[in-house]
1. Of the numbered conditions (1) closer than 20 Å to L17 by Cβ; (2) without any contact (Cβ under 8 Å) to a residue 60 or more places away in the chain; (3) in contact with a strand residue (DSSP E or B) (Cβ under 9 Å, 6 or more places away or on another chain), C108 satisfies every one except a single condition; which is it?
2. With within 13 Å of the chain's Cα centre (by Cα) and not aromatic (F, W, Y) as the only criterion, which of L100, L109, L18 stands out?
3. Here's a check for you: in segment 143-158, which residue that is buried (at least 17 other Cβ atoms within 10 Å of the Cβ) and without any contact (Cβ under 8 Å) to a residue 60 or more places away in the chain is farthest from E121 (Cα to Cα)?
4. What's the total number of residues in segment 13-66 that are surrounded by 15 or more Cβ atoms within 10 Å (Cβ to Cβ) and touching a residue at least 40 places away in the same chain (Cβ under 8 Å)?
5. Please work out which one of (1) of a type outside the set (A, V, I, L, M, F, W, C); (2) buried (at least 18 other Cβ atoms within 10 Å of the Cβ); (3) not in a loop (DSSP other than H, G, I, E, B) is the condition H128 fails and give its number.
6. What residue, of A175, A134, is in contact (Cβ under 8 Å) with a residue 12 or more places away in the chain, assigned to a helix (DSSP H, G or I) and not polar (S, T, N, Q)?
7. Can you tell me which of A104, A37, A93, A56 is hydrophobic (A, V, I, L, M, F, W, C) and touching a Gly at 6+ places or on another chain (Cβ under 6 Å)?
8. Only residues that are charged (D, E, K, R) and outside any helix (DSSP H, G or I): list them for segment 1-26, please.
Amino acid sequence: MIIGVSGASGSIYGYRLLERLRKGVKVETHLILTRSAERTAFLESGRTADEFKALADYVYPLEDIGSRLASGSFLTQGMVIAPCSIHSMSAIATGLSSNLLIRAADVCLKERRKLILMVRETPLHLGHLRTMVALTEMGAIILPPVPGFYNQPKTILDIVDHSVDRVLDLLNLPAPDVRRWDGGMSAAKKGQRKTGKP
């Protein structure tokens, strides 16, 4: 699985995804970390590039446009960019393969592999929305990290994990301990409905 981390705010999503893939489902990860991502991560959390890289099985320089990730002949399960900046999203949509992050995403699209973009921007203008439509038509999945509150999160990590769990579901790698919506009914009410009690 290719994990890209761009310079958008929300570097914790990329870090947490790498953590979960390493500790939980054990998927081989190939990391592309942009220099903007390194700066954002340090400003937001004090985490260094080395901390991100330590969670990945393979790490590639952004400039390494000749790496195996740039070729469709290298088989992967797909790619997640977490977070995905508007700059990266727009470059992917137009096929501007000027660095390895954009090229690897382009390869996923052309090979019909899963490409999930955790776009971090709000509000969105019409150009952003049209770009998202174009990418969706190409086969990408736009997954902004939008928190759910039905699971009553207690920490920031709970909020982050909600979106990361959605990514893992889309990768067909569901976490065994994920908290899912149960219709808002308590166990007692579910039992009553099953037995036909009012």
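Derivation of every value follows stated rules applied to the coordinates shown; laboratory data play no part. Since this is a predicted model, take the numbers as computed values, not measurements. Methodologically, a virtual Cβ is constructed for each residue, glycine included, from the backbone with ideal geometry; neighbour enumeration extends over all protein chains shown.
1. For C108, the exception is condition (2).
2. Result of the check over L100, L109, L18: L18.
3. N151
4. Qualifying residue count, segment 13-66: 17.
5. All conditions pass for H128, except number (2).
6. Result: A134 is the single residue among A175, A134 that is in contact (Cβ under 8 Å) with a residue 12 or more places away in the chain, assigned to a helix (DSSP H, G or I) and not polar (S, T, N, Q).
7. A37
8. Once the filter is applied, which keeps residues that are charged (D, E, K, R) and outside any helix (DSSP H, G or I), segment 1-26 yields only K26.
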